[in-house]
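The values are calculated or read from the model by the stated rules, or taken from the named source; none is laboratory data. Note that the coordinates shown come from a computational prediction; the quantities given were computed from them, not determined experimentally. Using ideal geometry, Cβ is built from the backbone for each residue, glycine included, and neighbour counts are taken over all protein chains shown.
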Amino acid sequence: MSVGFRAVQWNRDKIVYDAILLLAVAAFIGIFLFVSFTEHPPKDRPDEIDRYIRAFGACAFVMLTTILCIGPLARLSPHFLPLLYNRRHFGVLTFIVAALHVWFMIEWYDAQGNLPNLWIELTTWNDYFKFIGFPFKALGIAALLILFVMAATSHDFWLMLLKPAAWKTLHMGLYVAYGLVVMHVALGIMQYDRSPLIPAMLFGGFALVAGLHLAAGMREAGSNSGTVINPGWIAVGPPHSIPDKCARIVTAPDGERIAVFRDGDRIGALTNVCAHQNGPIGEGRIVDGCITCPWHGYQYRLEDGCAPPPFTERLATFRVRIHRGIVEVDPEPLPPGTPAAISWAQRNGSST
Amino acid sequence: MGLFVTSVVAVYVLVGLIVAAVFLSIGVQSVLPPSATMTRPARMMLLPGVVALWPYVLYRWLRPPTRR
């Protein structure tokens, strides 16, 4: 959270995260090339460049798969939240590795004096109506363009300018890019390299991403609580059923997720969606008197959903009441920043 | 057809570079929240994004400010 936009807000955690990431990428590519060069020494310069194409391509695919797994893993277990913390840098590095893959591909054509053939491959329009024989490089280039736009907008400035909803929609393009990459590999190298490692990596990665998303989705569906018992109110439970400094998340009839927090004897309800990057604030805690989003630490006051000064983010709040000893929340949202928290110790019985 | 597509992309990028140079020099402050600041390295880092999304950036920069 900041009123000043800097290139990168470095801290110790980010430096450690990035260092581990760079080492892992270097190790992957180094080991890949070492094994490739040792088992099958390249015959000529184009063959040598081909090894670099495969190394950086495989690395980019593994990085993409990992990035897509981080989200559902963090929903399944808070132990994976540290991986979510600097996912932006992970994404930018993935774009760089993918761009190097394309760079070596261009160099491969150039090394053979065949650069015009690349242009011919991409512009033979009849081939776009084939399945086997489809210009698979075009799929890779399309994926790279998506990754470029995502990398170029991985900054809080773009989150502010595009607004969170549009920014998030843009960055969901990662799934499109992943699909394009899967087809790029399936229609490309898999057609002429019969190594079992390629389909194993490709379909194994895809299955892992799909499986984790399904598991996280099922867990989300199963964790919804709250019953509509009175017209216009959703029952959450007795006040002490809400862990202190934490929340219970209920779902309104229209699907809106509402986080009902308790801080000692105060109870308040806010939308479950963080204003920063739509993180699930209901999975966060109250720290220093403020609800803290578990993804990036954005904070909001329990009383009114406002970020503490000088920050200006505001979340929609919801009316809460204690009715016959049960906390109930009105699913109709109040304007962002509306005070709505109550002190449950003073409100016993039917009161609003 | 290929030459046409390439030309369109080249023009888009060229216009984007011009818009980015002007916007990041003198226009970015007008789209920031009141009292917010932006460092020079941050402005440089935004260049690829402005080139990619220059039509929207231009729209946000030039539209009249709205009251809340």
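For the range A:110-134, the tally of residues that are in a helix (DSSP H, G or I), surrounded by 13 or more Cβ atoms within 10 Å (Cβ to Cβ) and more than 10 Å from chain B (Cβ to nearest Cβ) stands at 6. With respect to (1) touching a Lys or Arg at 6+ places or on another chain (Cβ under 6 Å); (2) at pLDDT below 90; (3) among the hydrophobic types (A, V, I, L, M, F, W, C), the lone exception for A:Ile286 is condition (2).
Filtered by the rule that a residue be over 28 Å from A:Met160 (Cβ atoms) and either touching a helix residue (DSSP H, G or I) at 6+ places or on another chain (Cβ under 7 Å) or surrounded by 13 or more Cβ atoms within 10 Å (Cβ to Cβ) (or both), the range A:18-46 gives A:Ala24, A:Val25, A:Phe28, A:Ile29, A:Phe32, A:Leu33, A:Ser36, A:Phe37, A:Pro42, A:Arg45, A:Pro46.
Taken over the range A:140-172, the criterion of being within 11 Å of another protein chain (Cβ to nearest Cβ) and hydroxyl-bearing (Ser, Thr, Tyr) is satisfied by A:Thr153, A:Ser154. Scanning the range A:173-192 for residues that are hydroxyl-bearing (Ser, Thr, Tyr) and either under 17 Å from the mean Cα position of the chain (by Cα) or facing chain B (nearest Cβ under 9 Å) (or both) gives A:Tyr175, A:Tyr178.
Taking A:Trp295 as the residue in question, decide whether it is buried (at least 19 other Cβ atoms within 10 Å of the Cβ), over 27 Å from the mean Cα position of the chain (by Cα) and either of a type outside the set (Lys, Arg) or within 30 Å of A:Ile70 (Cβ to Cβ) (or both). Here the answer is no, as A:Trp295 does not meet what is asked. Checking each residue in the range A:232-272 for being farther than 19 Å from A:Pro294 by Cα and either of a type in the set (A, V, I, L, M, F, W, C) or in a strand (DSSP E or B) (or both) picks out A:Trp233, A:Ile234, A:Ala235, A:Val236, A:Gly237, A:Thr251, A:Ala252, A:Arg266, A:Ile267. Look at (1) outside any loop (DSSP other than H, G, I, E, B); (2) without any contact (Cβ under 8 Å) to a residue 24 or more places away in the chain and you find that A:Pro308 fails only one, number (1). Among the residues of the range A:286-328, those identified as under 17 Å from A:Ile267 (Cβ atoms) and aliphatic (A, V, I, L, M) are A:Ile286, A:Ile291, A:Leu302, A:Leu315, A:Ala316, A:Val320, A:Ile322, A:Ile326, A:Val327.
Residues in the range B:23-39 that are closer than 14 Å to B:Val50 by Cα and buried (at least 16 other Cβ atoms within 10 Å of the Cβ): B:Phe23, B:Leu24, B:Gly27, B:Val28, B:Val31. Looking at A:Ile15, is it within 30 Å of A:Phe311 (Cβ to Cβ), surrounded by 11 or more Cβ atoms within 10 Å (Cβ to Cβ) and out of contact with any helix residue (DSSP H, G or I) (no Cβ under 6 Å at 6 or more places or on another chain)? In short, yes. Do we find that A:Glu313 is among the acidic types (Asp, Glu) and farther than 30 Å from A:His79 by Cβ in this structure? Considered against the rule, which asks whether it is among the acidic types (Asp, Glu) and farther than 30 Å from A:His79 by Cβ, A:Glu313 comes out as no. Evaluation of A:Lys137 against the conditions (1) in a helix (DSSP H, G or I); (2) within 12 Å of chain B (Cβ to nearest Cβ); (3) crowded, with 16+ Cβ neighbours inside 10 Å; (4) modelled with pLDDT under 95 shows that the sole unmet condition is (2). Remark: B:Ser7 matches the filter, which requires a residue to be of a type outside the set (Phe, Trp, Tyr), more than 15 Å from the chain's Cα centre (by Cα) and closer than 30 Å to A:Thr123 by Cα.
Would you pick out the residues in the range A:111-144 that are farther than 17 Å from B:Val5 by Cα and touching a Gly at 6+ places or on another chain (Cβ under 8 Å)? The answer is A:Asp127, A:Phe136, A:Gly140.
Kindly indicate whether A:Val35 is part of a helix (DSSP H, G or I) and farther than 19 Å from A:Val102 by Cα. Yes: the conditions hold for A:Val35.
Looking at (1) modelled with pLDDT under 90; (2) on the phi < 0 side of the Ramachandran plot, which one does A:Gly255 not meet, given that it meets all the others? Every listed condition holds for A:Gly255 apart from (2). When A:Trp103 is tested against (1) within 14 Å of chain B (Cβ to nearest Cβ); (2) closer than 28 Å to A:Ile20 by Cβ; (3) assigned to a helix (DSSP H, G or I), just one condition goes unmet, and that condition is (1). The set of residues in the range A:300-333 being of a type in the set (A, V, I, L, M) and surrounded by fewer than 18 Cβ atoms within 10 Å (Cβ to Cβ) consists of A:Ile326 alone. In summary, A:Gly217 fulfils each of the numbered conditions (1) closer than 30 Å to B:Ala20 by Cβ; (2) under 16 Å from the mean Cα position of the chain (by Cα) with the single exception of condition (1). Would you mention how many residues in the range A:47-58 are surrounded by fewer than 22 Cβ atoms within 10 Å (Cβ to Cβ) and in contact (Cβ under 8 Å) with a residue 40 or more places away in the chain? Of the residues in the range A:47-58, 6 are surrounded by fewer than 22 Cβ atoms within 10 Å (Cβ to Cβ) and in contact (Cβ under 8 Å) with a residue 40 or more places away in the chain.
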